[in-house]
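The values are calculated or read from the model by the stated rules, or taken from the named source; none is laboratory data. None of the values given here were measured: they were computed from a predicted structure. Using ideal geometry, Cβ is built from the backbone for each residue, glycine included, and neighbour counts are taken over all protein chains shown. Areas reflect the complete protein model, heavy atoms only, side chains present, ligands, DNA and RNA absent. Shrake-Rupley method; radii C 1.70, N 1.55, O 1.52, S 1.80 Å.
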Amino acid sequence: QVHLQESGPGLIGPSQTLTLTCTVSGGSVTANYFYWNWIRQSPGKGLEWLGAITYVGSTFYNPSLKSRTSVSRDTSRNQFTLQMSSVTPGDTAVYYCARQDSSGYQYDTWGQGTQVTVSS
């Protein structure tokens, strides 16, 4: 059974760089043919897709956030990571990692989510 778990700081100051890690168990970040995504949810904005890394390491980003968003992976640790620079209070949200099946592009597995609050 595939399990995803987010980890990172719950509170971060404005202008800092947010780093979140998703640890995958019961599956591999290199397994054909899955994409590994970061998605966030806030009361004002709803669900917002941030970016993804594929099973071969290709990355894709939300164009509105691409300039300050980076997704990477550590295959030896079976983890993938979100980095978002220059955060503002508008980045306050619950951040999720999620697996996506490229066969039908459905999100078949989600982490529980982690609250990130940007505040000084």
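Would you mind stating whether Tyr61 is touching a Ser or Thr at 6+ places or on another chain (Cβ under 8 Å), open to solvent by 40 Å² or more (accessible area, probe 1.4 Å) and farther than 17 Å from Thr19 by Cβ? Spelling it out, it is not the case that Tyr61 is touching a Ser or Thr at 6+ places or on another chain (Cβ under 8 Å), open to solvent by 40 Å² or more (accessible area, probe 1.4 Å) and farther than 17 Å from Thr19 by Cβ.
Take the stretch 19-34 and flag every residue that is touching a residue at least 40 places away in the same chain (Cβ under 8 Å) and either under 11 Å from the mean Cα position of the chain (by Cα) or surrounded by fewer than 17 Cβ atoms within 10 Å (Cβ to Cβ) (or both). Walk me through it before giving the result.
Looking only at the stretch 19-34, we keep the residues that are touching a residue at least 40 places away in the same chain (Cβ under 8 Å), and these are 19-25, 27-30, 33-34.
Within the stretch 19-34, Thr19, Leu20, Thr21, Cys22, Thr23, Ser25, Gly27, Ser28, Thr30, Tyr33 meet the criteria.
Of all residues in the stretch 1-16, those being modelled with pLDDT of 95 or more and assigned to a loop (DSSP other than H, G, I, E, B) number 8. Note on the stretch 69-120: among residues that are open to solvent by 40 Å² or more (accessible area, probe 1.4 Å), of a type in the set (Gly, Ala, Ser) and within 16 Å of the chain's Cα centre (by Cα), the one that is nearest to Leu50 (Cα to Cα) is Ser70. Within the stretch 45-58, the set of residues being open to solvent by less than 80 Å² (accessible area, probe 1.4 Å) and more than 12 Å from the chain's Cα centre (by Cα) comprises Gly46, Thr54, Tyr55, Gly57, Ser58. Taking the stated definitions as given, is Leu11 more than 14 Å from Cys97 (Cβ to Cβ) and loosely packed, with under 14 Cβ neighbours inside 10 Å? Taking the combined requirement at face value, the residue satisfies it. In summary, strands (runs of 3 or more DSSP E) completely within the stretch 17-93 and bearing 2 or more residues that are of a type in the set (A, V, I, L, M, F, W, C), at pLDDT 95 or above and out of contact with any Phe, Trp or Tyr (no Cβ under 7 Å at 6 or more places or on another chain) occur at 18-25, 46-54.
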